[in-house]
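Report on the following structure.
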Amino acid sequence: MKTTAIYPGTFDPITNGHLDLIKRGLLTFNEVIVAVAPTLKKQPLFTLHERLRLIHAAVKGLKGTKVDSFNSLLVDYVKKKKGNAILRGLRAISDFEYEFQLAHMNRRLNTNIETVFMMPSEEYSYLTSSIVREVAAFGGSVKGLVPEEVEKALRNKFRNVKYFTE
Ligand code: ADP
């Protein structure tokens, strides 16, 4: 039987931590669908189109990976895609509370859909998209933390940004 995991997230932008998780997911599931979620609470740095392009570039060659976006309840999307599970990453204790709420809410909305948690390699366990955005905004290097295409895209985004101290 073919097994599919849906890996939802904002991916603003995709990092090597996300990629680590996708690769781990592929060891357990035949297919991982990276599903870019709508962002209700925050204005993303990258548009949906840009985020999708960067994910596509990053997962090129990772057999069994698909990239998509959705604009509905996650559990409805998972059902539509005939997914077997929702894949989420747990980095540190700080992730736990939010993930706990999310997993229970999704279970309440659809009892048949399980959430599976995986831990990234230690080197990525402190890595978040928001810290990457912040470092890049101030001209710091994020080499080794994000795919090269993302590094380039961040440089382009912040090329014309000047910071004033006064
Ligand atoms: P969201 O806004 O839904 O939290 P993210 O794109 O930040 O979206 O993250 C999507 C999923 O990937 C979440 O489960 C998050 O915990 C996980 N994740 C994010 N960064 C990492 C990382 N460095 N290692 C492992 N999992 C991660």
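The values are calculated or read from the model by the stated rules, or taken from the named source; none is laboratory data. A quick note: this is a predicted structure, and the numbers were derived from the prediction, not measured. Cβ: placed from backbone, ideal geometry, glycine included. Neighbour counts: every protein chain shown. Calculation scope for accessible area: heavy atoms of the full protein, side chains included, ligands and nucleic acids excluded. Shrake-Rupley method; radii C 1.70, N 1.55, O 1.52, S 1.80 Å.
Only residues that are touching a residue at least 24 places away in the same chain (Cβ under 8 Å) and loosely packed, with under 11 Cβ neighbours inside 10 Å were counted in region 89-111, giving 1.
In this structure, is Thr65 β-branched (Val, Ile, Thr) and either modelled with pLDDT under 95 or within 16 Å of the ligand (Cβ to nearest atom) (or both)? When the stated conditions are applied, Thr65 passes them. Among the residues making up region 11-47, a single one is under 23 Å from Lys157 (Cβ atoms), hydroxyl-bearing (Ser, Thr, Tyr) and modelled with pLDDT of 95 or more: Thr15.
Selection over region 115-133 of residues that are more than 6 Å from the ligand (Cβ to nearest atom), over 12 Å from Leu90 (Cβ atoms) and of a type in the set (Ser, Thr, Tyr) gives a count of 3. In region 28-37, the condition of being of a type in the set (Phe, Trp, Tyr) and in contact (Cβ under 8 Å) with a residue 60 or more places away in the chain is met by no residue.
The set of residues in region 1-30 that are more than 10 Å from the ligand (Cβ to nearest atom), touching a helix residue (DSSP H, G or I) at 6+ places or on another chain (Cβ under 9 Å) and either open to solvent by 50 Å² or more (accessible area, probe 1.4 Å) or closer than 13 Å to Arg88 by Cα (or both) comprises Ala5, Ile6. Looking across region 31-57 at every residue that is within 12 Å of the ligand (Cβ to nearest atom) and among the charged types (D, E, K, R), the one that is nearest to Ser130 (Cα to Cα) is identified as Lys42. Of everything in region 74-83 that's in contact (Cβ under 8 Å) with a residue 40 or more places away in the chain and open to solvent by 60 Å² or more (accessible area, probe 1.4 Å), which residue is farthest from the ligand (Cβ to nearest atom)? Among those that are in contact (Cβ under 8 Å) with a residue 40 or more places away in the chain and open to solvent by 60 Å² or more (accessible area, probe 1.4 Å), it is Lys82. Evaluated against (1) part of a loop (DSSP other than H, G, I, E, B); (2) within 17 Å of Leu102 (Cα to Cα), Met1 falls short on exactly one condition, (2). Using the structure shown, decide if Arg88 is on the phi < 0 side of the Ramachandran plot and not in a helix (DSSP H, G or I). Yes. Within region 35-73, the set of residues being open to solvent by 70 Å² or more (accessible area, probe 1.4 Å) and in a strand (DSSP E or B) comprises Lys66 only.
For region 61-77, state whether one or more residues are farther than 24 Å from Thr39 by Cα and not small (Gly, Ala, Ser). There is at least one residue in region 61-77 that is farther than 24 Å from Thr39 by Cα and not small (Gly, Ala, Ser).
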